[in-house]
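Written out below as structure tokens is the structure these notes cover.
The values are calculated or read from the model by the stated rules, or taken from the named source; none is laboratory data. Predicted model only: the values in this text are computed from it and were never measured. Note: ideal-geometry Cβ built from the backbone for every residue, glycine included; neighbour counts use all protein chains shown. Protein only, heavy atoms only, side chains kept; ligands, DNA and RNA dropped before computing areas. Shrake-Rupley method; radii C 1.70, N 1.55, O 1.52, S 1.80 Å.
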Amino acid sequence: MCGFQEKNKMSPYVVLFAGEDSGDILGENVVSAICSLGIKARGIGGKRMSEAGLESIEDFEKFPVSGFFDVLPRLFFFKKILRLMKREISNPLCKAFIAIDYPGLNLKLVEFAKKCGKPVLYLSPPQIFAWKKKRASVLQGTKTLVFFPMEKESYAKEGIIAEKVKHPFVEAIENTEISEKENKIYLFPGSRRKVLRRNSDLYAEIAKKISAIGTPIFVASRISLQKELEKTLPRNIKIELSPTNAKDRIAFLSKATFVIGNPGTALLESALCAVPYAVFVKPDFLTYVMGKIFLRIKSLSLPNLLLKESFFPEIVIAPFTNKKQKIGDLYQMIEKLICQKEEIFLKREKLLEILNEGNSVQKSVTEFLLQFVCSESH
């Protein structure tokens with residue numbers, strides 16, 4: 001049975017949950033769609049979602065985590081958040097739940113919302129093409145929006161009809177001019193605090209090595225992470241904050257000649273800005289072992305997966321590996337790839353073609369709200 005809070009004087013609302021930067025980027029358009037219909041948006045999200053109109057109920061900075069060793073010490077915190085979110089969803093004033101990425105908690109909340117009889121939309125659900133395909137069963141009867149063809153295909157195999165929508169960054173880049181290249185190499189050490197701490201020393205070594213090719217600049221996705229880098233890195237290393245606005249991010253990213261980072265949204269956005277990249281990641285021991293056992297994909301980064309080829313280099317530092325040798329390999333890969341300008345633009349055009357298919361996120365979310373929410377709240 002679902003618990004219910006006492007009905008108060010609040011207006012009807014939609015609950016959202018996005019627990020990391022990639023979800024916050026996607027959630028911005030979702031919140032805008034909700035608010036444009038005169039409905040309140042409550043839940044958990046970052047700066048972008050808050051600026052779009054989200055009424056935040058918990059500090060976003062506490063959520064971005066990665067790997068088993070990062071999650072285990074915070075189990076009690078996540079149980080507390082689960083209870084908080086369930087109270088929000090079970091309130092009679094909550095008319096729907098929208099999950100964005102972050103499957104660890106969101107799948108539990110999807111199950112709970114369905115038991116409460118609330119309509120559910122999941123934007124960027126678990127990537128079951130990579131692992132844990134059994135997760136798909138939770139999404140039966142859920143409006144499911146995906147960005148990538150392999151996601152739609154993998155869910156179809158599990159009996160889930162997923163709607164492919166246009167990636168928001170593609171929408172932003174269509175009418176935005178690409179900036180002139182500058183002699184900069186951006187390093188994205190991670191959008192999660194513990195990943196960033198684990199990578200900062202390693203990436204500092206990379207920065208020293210590649211300074212002969214271009215000016216290395218560390219990029220932080222949030223102010224709190226920028227301050228973290230300022231504490232840990234040598235003072236002579238440049239640090240910049242990634243813009244929150246998509247068009248500003250396009251102008252920022254497209255100035256780089258190369259990008260180095262963990263697999264994630266920043267690398268996809270870089271490729272869409274015609275900037276070559278390399279994955280350089282050092283997972284904790286347990287995450288590395290689990291990945292070796294369970295991952296069912298040949299590439300870690302989305303552009304390579306979408307292109308179905310290993311065009312952009314991917315280097316994983318395995319336990320007990322000689323990292324200096326790997327950094328040397330990275331240096332050679334950068335030198336080689338920077339010269340392939342024509343090929344990089346061709347890859348960009350192919351990615352844009354793949355990701356441009358489908359409705360906008362705003363349109364699909366609005367259709368969902370008009371069908372299930374607006375009819376009840378007016």
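Remarks
- With a cut-off of 15 Å between beta carbons, the residues surrounding PRO319 carry a summed charge of +4, where Lys and Arg count +1 and Asp and Glu -1.
- ³J(HN,Hα) computed for each position of region 82-94 - Karplus, 6.51 cos²θ - 1.76 cosθ + 1.60, integer Hz, glycine/proline x: 4, 5, 4, 5, 5, 5, 5, 5, 6, 4, x, 6, 6
- Solvent-accessible heavy-atom area per residue, rounded to whole Å², over the chain at 1.4 Å: 46
- Taking all protein chains together, GLU335, GLU151 sort by accessible area into GLU335, GLU151, largest first [probe 1.4 Å].
- Candidates ALA96, ALA318, ALA212: whichever shows maximal mean-square fluctuation once the chain is modelled as a Gaussian network with Cα springs under 10 Å: ALA212
- Electrostatic dipole magnitude of region 130-283 [Cβ: Lys, Arg +1; Asp, Glu -1; Cα centre; debye, to 20]: 800
- Per-residue HN-Hα couplings for region 268-277 [Karplus 6.51, -1.76, 1.60; θ = phi - 60°; Hz; x = Gly/Pro]: 5, 5, 4, 4, 6, 9, 6, 10, x, 9
- P(r) tail fraction, region 276-374 - alpha-carbon pairs more than 24 Å apart, %: 45
- Debye-sum result for the chain in log10 I(q)/I(0), which assumes one identical scatterer on each alpha carbon, at q = 0.09 Å⁻¹: -0.52
- Checking the Cα-Cα distances for LYS80/LYS118; LYS132/LYS298; LYS40/LYS134; LYS166/LYS292; LYS143/LYS350; LYS181/LYS247 against a 25 Å cut-off, the pairs over it are LYS40/LYS134; LYS166/LYS292; LYS143/LYS350.
- Residue among PHE76, GLY261, LEU352 farthest towards the positive dipole end of the chain, charges placed on Cβ: PHE76
- Hydrodynamic radius of region 121-266 per Kirkwood, over alpha carbon pairs, in Å: 17.5
- Derived scalar couplings ³J(HN,Hα) [region 194-204; Karplus, 6.51 cos²θ - 1.76 cosθ + 1.60; whole Hz; x for Gly, Pro]: 5, 5, 4, 5, 5, 9, 4, 5, 4, 5, 5
- Global form of region 197-329, assessed from the alpha-carbon gyration tensor, a/c cut-off 1.5: oblate
- Three-way shape call for region 135-221 based on the alpha-carbon gyration tensor, with the a/c threshold at 1.5: oblate
- Among PHE188, PHE78, PHE97, residue whose mean-square fluctuation peaks in a GNM of the chain (springs only between Cα atoms under 10 Å): PHE78
- Counting only alpha carbon atoms, the long axis of helix 341-355 and the longest principal axis of the chain meet at about 10°.
- Just checking the listed ones, ILE173, ILE39, ILE223: in the Gaussian network model of the chain with Cα springs under 10 Å, the one fluctuating most is ILE223.
- Estimated FRET transfer efficiency (SER224, LEU82; beta-carbon r; R0 25 Å; 0.05): 0.60
- Of the accessible area of the chain, computed with a 1.4 Å probe over protein heavy atoms only, carbon and sulfur atoms account for 53 percent.
- Accessible area in the full protein assembly, largest first, 1.4 Å probe, for ARG348, ARG83: ARG83, ARG348
- Counting only aspartates and glutamates at least 8 places from LYS114 when in the same chain, those with an alpha carbon closer than 15 Å to its own are GLU88.
- Taking amide hydrogens as placed 1.01 Å from N in the peptide plane, the amide H of ASN91 sits under 5 Å from those of GLN5, each at least 5 positions away in sequence or on another chain.
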